[in-house]
Each structure stands twice: as structure tokens, then as C-alpha cells.
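*Asks:* Structure incoming, see below.
The values are calculated or read from the model by the stated rules, or taken from the named source; none is laboratory data. It should be emphasised that the depicted structure is a prediction, and the values quoted were computed from it without experimental measurement. Reconstructed Cβ throughout: ideal geometry from the backbone, glycine too, with neighbour counts over all protein chains shown. Just so you know, the surface numbers come from the protein's heavy atoms only, side chains and all, with ligands and any DNA or RNA stripped out. Shrake-Rupley method; radii C 1.70, N 1.55, O 1.52, S 1.80 Å.
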Amino acid sequence: MKKVFCYCILPILYICFISLLIIFRIQFVASTWEGYRILAVPVSVSEKKVLNELESQGITDVISFSSVSMCPKNELTPVTSFEMTYREAVKKYFFDETQQNNLFYLKESGNLGSKLNQITKKTGSTWHVERISFFAVLILIFPFGFTVVFFILSKRKLLYLLLQLPFLVFCCGSAEFAAALCASIFPIVAYSIQYYWQRPGWVNFLISDLVTVVLILMMLSSLILTVPFTRNFRIILLGLSAFFAAACALSFFFIHDRNKKQTGFILINSAQTVSFTLKSKLQLTALAVLTTGVLVLSFVAKERFFSSGGLTGLSLPVPHEYYKTTGFSYTAYENLVTSETQLRALPDLADFVTLNWKTDVLPYVSLNEKFPPAYAGSEVSMPVYEYDEDSGRVSTERKIMYTFDESYFASVLSKIASSSEPSVEKMLFEQKHFVTVAYKQFR
């Protein structure tokens, strides 16, 4: 039963645990707005300058402040208060929550990433560009694979798990090269420690073992170098914390085992009698070097085909799925407008439908009456007078001018679908289902 638990159940649980870490690590595998990328520029930079810079790179399909919305018009009515309210609310899409950055939404294209890279090279780090973070997912392949393999090979799985766990959490908290390298290389160190555990002289042997020392120095060096190259003090603090946590786990097992036996370890070099062969050491070293090389090449080339995102520190409008109802069904619309959700901080397509309804029916609504709600069955009518020449009498009847039903609802959405002009409503429509919009802090 113990063997079944150690070699079957425990590895399965371990893989499930790592899978959960990866799931938590994945952020924005696709862009925030489907089909669009966000560009955040300081408000001190004029919109005209940004659009000229984008146009110089061949990026012309842009939703910007000058293309705020496709507000409906009614020739019978002037500009109304509800239209102005809607326009002012839509403007929030083009600023971050602190009003320090202008936002531009760029239509996705095959070579948009390379064009944006050219722009950021010219403008520097003040222009924040959203990048699709495939790399944040792909980079986890190495630590995931190595951890599982060495975990299965380990004889003392709990010791190995507690040594490796801090580095897995470290890697899942960052897509930096140092985090990926440490989480990929440390399984070899953890495997060596559990292999020599309780052997006489294992401490001295590990300290003097060239492979172990080189791997530790490689990991520490990569952490330290993140400061001058990326100015990321957070990554080095997290990495050193991972080392400290692993050391605490090792000390706990050491003290627990010594107290259990009531004897100390004999620190002699007899651990060499059970050491890895030269061939095994060369294989482990080659694996570490190969891993380092692949990771280096991946990070060098990441600007070409994947990246980790550039909106950190900004609070921006993002879409939220309200109901798991795909498409723009009439039922989904009713569920949205009848709900009391706090996620509707910014206008959405439901507000646009309501705006169209008010604009269309305004000439037929008495000044002493409220607008009929934009719900199923709402009607607006007006009196129609007819004169009968034979009888000399005037007859009156009510004529229904508009009815809010599925047909009217579909006609409003068709306006958006047929429009070729860039607008917030077009971007909302291209999410392919109703979404609510609110601010989110990117971390």
C-alpha cells in the first residue's frame, strides 16, 4: 500500500497541484479585448502625434478619443441630455482610472506585434503596449517537466516537494528569466539533496560537489543580474525568499531526523561511496546547460512571437462576461438590463440599445411623460386624426410608432454590424457576446 501511494497516488496529486499553479499563472493568454490591443500613452502626448506615429507604421484601424462613439441621430430632435450623458460616459474608455494616460485600441492584425515593437523602441518605456502573454505560459514547460520527472525519481518525495515548492511558486509568480531558470535548475539540486539524505557526510559532500555548487551559483547570479538589467528588485527578493524557504525546509528535516535518532550526523566524506557516477553528473550538467540555453534563446526572441505584457501598474477598462450566454440573443440582453450589477461601471451595448430607443421615440413622447423602458412589449404611439367629408366629423385613433421587440433589437445591432467606422460600440460588438465593462488594475 505504501508503494502504491508513493509511486501512483502521490505523483498524481503532485501533478494536479502543479497544474493548479499553472492555471493560476496564466494571465491574458489572449488580448484583453478580443481582436484589439491596448496602447496607453501619457496625456502629455497629443492624440494627433500618436495617430501619426501609428500611421507611419501602417496602423490605421484605431479606436481613439476622436472616434468616441456612433451615437444615433434623429433629425426631428436636437442634441439631448441623455445623448450628452452617454457621450461623456463613453469618453472614460479612453483614459485610465487615474486620468494620466490616453488609451488607444488597435485592431489586431498579423504583424501588429512587430509594428508595435518598432514604435516602443522609438518612444521608450513611457508608451505602454499590451502584449499577448503566450510566453508566460510556454515558459512553465521546463520547470513543470523537470519537477514532475525528478519527483517521480525521488525516493524521499516529501523532502523533494518541500525543497522545490518555493521555486514553483516563485516561477508561477513571474515570467522573468531568473524565475524560470531557478525553477528549472533547482530540481537537480533538490534531487541530489534527497538522494544523499541521511548518508554519512552528505553535507560536506554537497558543499564540495562541483555540479551542485555551479548550479547554485548559476541561479544566484541570474537573480542578482536582474537588478542592473531589468531594475526588478522584486524578482531578486522573491528568489532569495525561495532559497530561504527551501533552506528552512531542509533545516526542519535535519533537526527532526537528528532528534529522532538522538545522534548527530557524521560529517565525513563516506557519502562519496554512494555518489552519482561521472556519467550521471555529466548528464545532469548537460541538462542544466541545455535548459539555460533554451531559456536564454526564448527570452532573447520573445519580442518576435510572445511577450509578457506591458500594462503593469495601470487601471484600465476591461470587459467582463456577465452571463455565460453566447451571442447577442434577446434573452441575454434582457438578463443584462434587468440585473443590478456593479460591474457596469462604463457604458456597454445595453446602454447603446437604450440610447437608440430614446432617440427614436423622443418625438412621440409627451413632455409630461417618462420614456417607455427599453424592455419587451414597450410601445410608443401618437394620435392620428382623420376627417370624413361625408359626415363632416373628425375621428381619432392611436397609431403605434415603435414597439420594443426582437425586431427592433436586431435592427439596432445590425447598425453596429454594418458599420465600418472604428468605435467603442464596434469593439464591444466584436466581443461576440454581451459584456459589462469596469476598471481593472493590471499587476
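*Asks:* Step through the table entries 73/440; 157/281; 155/279; 92/432; 49/432; 48/115, compare each Cα-Cα distance with 30 Å, and write down the pairs that go over it. Intermediate values should be presented prior to the final figure.
*Replies:* Numbers: 73/440 33 Å; 157/281 21 Å; 155/279 21 Å; 92/432 22 Å; 49/432 32 Å; 48/115 18 Å.
Beyond 30 Å: 73/440; 49/432.
*Asks:* Would you check the accessible area of residue 47, probe 1.4 Å, heavy atoms only, in square angstrom rounded to 10?
*Replies:* Approximately 50 Å² of residue 47 is accessible to the 1.4 Å probe.
*Asks:* Straight-line reach from residue 415: which aspartates and glutamates have a Cα under 15 Å away, not including same-chain ones fewer than 8 places off?
*Replies:* Of all the aspartates and glutamates, those that pass the test against residue 415 - Cα under 15 Å, at least 8 places apart if same chain - are 351, 360, 406, 425, 430.
*Asks:* For residue 400, tell me the accessible area in Å² from a 1.4 Å probe, rounded to the nearest 10.
*Replies:* Residue 400 exposes around 90 Å² with every protein chain in place.
*Asks:* In nm, to one decimal, how far is the modelled label at residue 224 from the one at residue 114, with both set 7 Å along Cα→Cβ?
*Replies:* Between residue 224 and residue 114, the label points sit 3.9 nm apart.
*Asks:* With labels modelled as points extended 7 Å from the Cα through the Cβ direction, what inter-label distance (nm, one decimal) is found for residue 156 paired with residue 255?
*Replies:* In this crude label model, residue 156 to residue 255 measures out at 1.7 nm.
*Asks:* Continuing with the same structure: Sticking with the crude label model, points 7 Å out along Cα→Cβ, report the distance from residue 125 to residue 329 in nm, one decimal please.
*Replies:* The answer from the label model is 4.8 nm.
*Asks:* Right, something else. Heavy atoms only, probe 1.4 angstrom, no DNA, RNA or ligands counted: give me 149, 424 ranked by accessible area, highest first.
*Replies:* On the way: 149 80, 424 0 Å².
Sorted by accessible area, descending: 149, 424.
*Asks:* Further question: Rank 33, 127 by accessible area, highest first, at a 1.4 Å probe radius?
*Replies:* If we order 33, 127 from most to least accessible, we get 127, 33.
*Asks:* What's the extension gain from residue 66 to residue 97 if we count 0.36 nm per residue and subtract their Cα-Cα distance?
*Replies:* Values: separation 31, 0.36 × 31 = 11.16 nm, distance 1.90 nm.
So the chain would gain 9.3 nm between residue 66 and residue 97.
*Asks:* Let me ask another. Residue 433: accessible area at probe 1.4 Å, nearest 10 Å²?
*Replies:* Residue 433 has an accessible surface of roughly 40 Å² with all protein chains in place.
*Asks:* From largest accessible area down, sort 130, 88; use a 1.4 Å probe on the protein chains.
*Replies:* Numbers: 130 10, 88 100 Å².
From most accessible down to least: 88, 130.
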